[in-house]
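For reference, the structure discussed in these notes is given below.
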Amino acid sequence: MGKMIGVYDFCGHYEWTFDWLEKLGGHDLVRAYWDEAIRQDSQRHAEALIMAGGFDGMEEYWGHTLGEEGGEWEVTKTEAVFRIDMHHCPSKGFLLRNGLEQYPDYCDHCMGWIGPLMREAGFVVDHEHNHCGQCWWEMRRATDESPSPAPGAVSGAADARLQAGWKTADTRMDCYTRANDPDDKRRVSGPHGSPAGE
């Protein structure tokens, strides 16, 4: 009888797969994998919940999924926004602890499936990740043109940007603003991971 790999070991294989696909068929093949294999296949239940329930569906999906994965996070839901503050991502944390880095930005796979799903459901995403297992997400309706609020305005002290280790001299920040595409990111370097001057 064969053995199944554990969830954390899976993260190493997952990350290796992104690199293998990139070498095999380039970035377009990796993007297709994120959208087709993740969003349209393994995360069909997320799509069903979010398409039907909007913010309530997001709360049901991530409330269950994040609990299963472990890690440390906070979820905040208002009438205007659904927010996730990830303080310690279990999968990125596993890669960091074990020195596994094949693909240039493992974290991009989240936007690779969440972004297209949110577009289909009528939402846009503001998101930053620091490549150290910390990130934040704000999903709001595409018709809501209000800018993402300052650190702490939505989730208070739980805001990932206010956590220890969020921004150091060595931290690379990637930022998405009103995005739905994994390639719509920019590198940022100002305080709290916000672009200098903003």
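Each reported figure results from applying straightforward, stated rules to the coordinates on display, with no laboratory input. Quick caveat, the model's predicted, so the values are computed rather than measured. Every residue, glycine among them, receives a Cβ derived from its backbone with ideal geometry; neighbour counts consider all protein chains shown.
Observations on the model:
- In the chain, taking the dipole from charged Cβ atoms about the Cα centre, the farthest positive-side position among M111, W166, A150 is held by W166.
- Count of Lys pairs (Cα-Cα under 22 Å; at least 8 positions apart or interchain) in the chain: 5
- Inter-centroid distance (Cα atoms) of segment 40-115 relative to segment 133-153, Å: 15
- Value of Rg to Rh for segment 1-132, rounded to two decimals, is 0.96; Kirkwood radius and Rg both from alpha-carbon coordinates.
- Dipole magnitude of segment 40-95 about its Cα centre (Cβ charges: Lys, Arg +1; Asp, Glu -1), debye to nearest 20: 140
- Summing Cβ point charges (Lys, Arg +1; Asp, Glu -1) relative to the Cα centre of the chain gives a dipole of roughly 280 debye.
- Sites matching GluC sites (Glu not before Pro) across segment 80-155 that sit in DSSP coil, with at most 10 neighbouring C-beta atoms within 10 Å: E145
- Gyration tensor (alpha-carbon) shape descriptor, segment 101-184, a/c threshold 1.5: oblate
- Dipole of segment 70-198, positive direction: furthest Cα of W137, A121, A179, with charges on the beta-carbon: W137
- Per-residue extension of 0.36 nm, minus the Cα-Cα distance of L29 and R187, leaves a gain of 54.6 nm for this segment.
- Placing a label point 7 Å from the Cα of A142 along the Cα-to-Cβ direction, the residues of segment 112-128 whose backbone N falls under 19 Å from that point are 112-127.
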